[in-house]
Ligand SMILES: Cc1cc2nc3c(=O)[nH]c(=O)nc-3n(C[C@H](O)[C@H](O)[C@H](O)COP(=O)(O)O)c2cc1C
């Protein structure tokens, strides 16, 4: 952990939330990068775990895994299952509000989480977060989805996991990839109760205007 981040971590006022971010080998490393930027701007403490395939994808899509690591408070080795965050005691006794976000999340990790496999640090943290009743958000990315994927995602939803697929959304008139990314990050922040206004929100005024523009005078 660098000194500046360590100082921030011990500054009681700025630290009331701790988010563990897992990055896996699905396409969409830009989503992880943007989330880490937003959390950092809001002084949220971030523990980062990247799978080996995640490192490969981050390198391919962003240039270097270090781009993510320098945005985190601390980065953990995926095989370090003795790390502090692998223990339930870290969560139960902590005054921090702890959450786990896996972004982007592979179908491999979805399957392992759905079936209770915890043979690396990220999967162990999922297991612990689940048993300690912490908020868990995943951003699963694959296309198209097969029967296994869908069944596993349903299993996770039934366990209380919040599932935010990185779907394209158009009603707020995105012009750039960054707008699409911000839309997903805003959704995640909403679920974490973190103030985040990255894209315009929908208002009924928009609906009225849209109907008028379309030549429909019906009141909504
Ligand atoms: C360029 C590239 C893109 C990939 N995109 C995805 C993806 O979007 N979703 C997915 O589930 N797997 C994807 N994979 C496959 C995973 O990286 C692979 O299954 C890997 O074993 C996952 O490891 P992990 O789950 O430990 O990160 C991709 C692989 C490559 C090389």
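The values are calculated or read from the model by the stated rules, or taken from the named source; none is laboratory data. Bear in mind the structure is a predicted one, so any value in this text is a computation, not a measurement. Neighbour counts run over all protein chains shown; Cβ positions are idealised from the backbone, glycine included.
A few points about this structure:
- Subset of the stretch 127-152 that is crowded, with 20+ Cβ neighbours inside 10 Å and farther than 22 Å from residue 35 by Cα - its residue that is modelled with the lowest pLDDT: 128
- Filter pass, residue 61 being touching a strand residue (DSSP E or B) at 6+ places or on another chain (Cβ under 6 Å), surrounded by fewer than 19 Cβ atoms within 10 Å (Cβ to Cβ) and at pLDDT 95 or above: no
- For first residues located in the stretch 103-116 and on the phi > 0 side of the Ramachandran plot, partners that are more than 8 Å from the ligand (Cβ to nearest atom) and assigned to a loop (DSSP other than H, G, I, E, B) and lie 6+ apart or on another chain with Cβ distances below 8 Å do not occur.
- As for the stretch 87-110, it holds no residue that is buried (at least 17 other Cβ atoms within 10 Å of the Cβ), within 15 Å of the ligand (Cβ to nearest atom) and at pLDDT below 95.
- For the stretch 111-123, the set of residues classified as buried (at least 18 other Cβ atoms within 10 Å of the Cβ), assigned to a helix (DSSP H, G or I) and more than 17 Å from the chain's Cα centre (by Cα) consists of 112, 114, listed by residue number.
- All positions within the stretch 11-32 that are within 15 Å of residue 137 (Cβ to Cβ) and at pLDDT 95 or above: 19, 20, 21, 22, 23, 24, 26, 28, 31, 32
- Where a residue in the stretch 51-65 is closer than 18 Å to residue 119 by Cα and in contact (Cβ under 8 Å) with a residue 40 or more places away in the chain and its partner, wherever it lies, is within 11 Å of the ligand (Cβ to nearest atom) and assigned to a helix (DSSP H, G or I), with Cβ under 7 Å and at least six apart: 51/122
- Single unsatisfied condition, residue 74 versus (1) over 21 Å from residue 191 (Cα atoms); (2) modelled with pLDDT under 95: (2)
- Taking the conditions (1) within 15 Å of the ligand (Cβ to nearest atom); (2) in contact with a helix residue (DSSP H, G or I) (Cβ under 6 Å, 6 or more places away or on another chain) in turn, residue 132 satisfies each one other than (1).
- Filter pass, residue 35 being more than 15 Å from the ligand (Cβ to nearest atom), at pLDDT 95 or above and surrounded by 18 or more Cβ atoms within 10 Å (Cβ to Cβ): yes
- So residue 177, is it surrounded by 15 or more Cβ atoms within 10 Å (Cβ to Cβ) and either under 16 Å from residue 32 (Cβ atoms) or at pLDDT 95 or above (or both): no
- Screening residue 160 on (1) surrounded by fewer than 19 Cβ atoms within 10 Å (Cβ to Cβ); (2) assigned to a helix (DSSP H, G or I); (3) at pLDDT 95 or above shows it passes everything except condition (2).
- Criterion: surrounded by fewer than 16 Cβ atoms within 10 Å (Cβ to Cβ) and within 16 Å of the ligand (Cβ to nearest atom) - qualifying residue of 76, 56: 56
- Comparison of 156, 198 shows that the only residue that is farther than 30 Å from residue 115 by Cβ and under 19 Å from the mean Cα position of the chain (by Cα) is 198.
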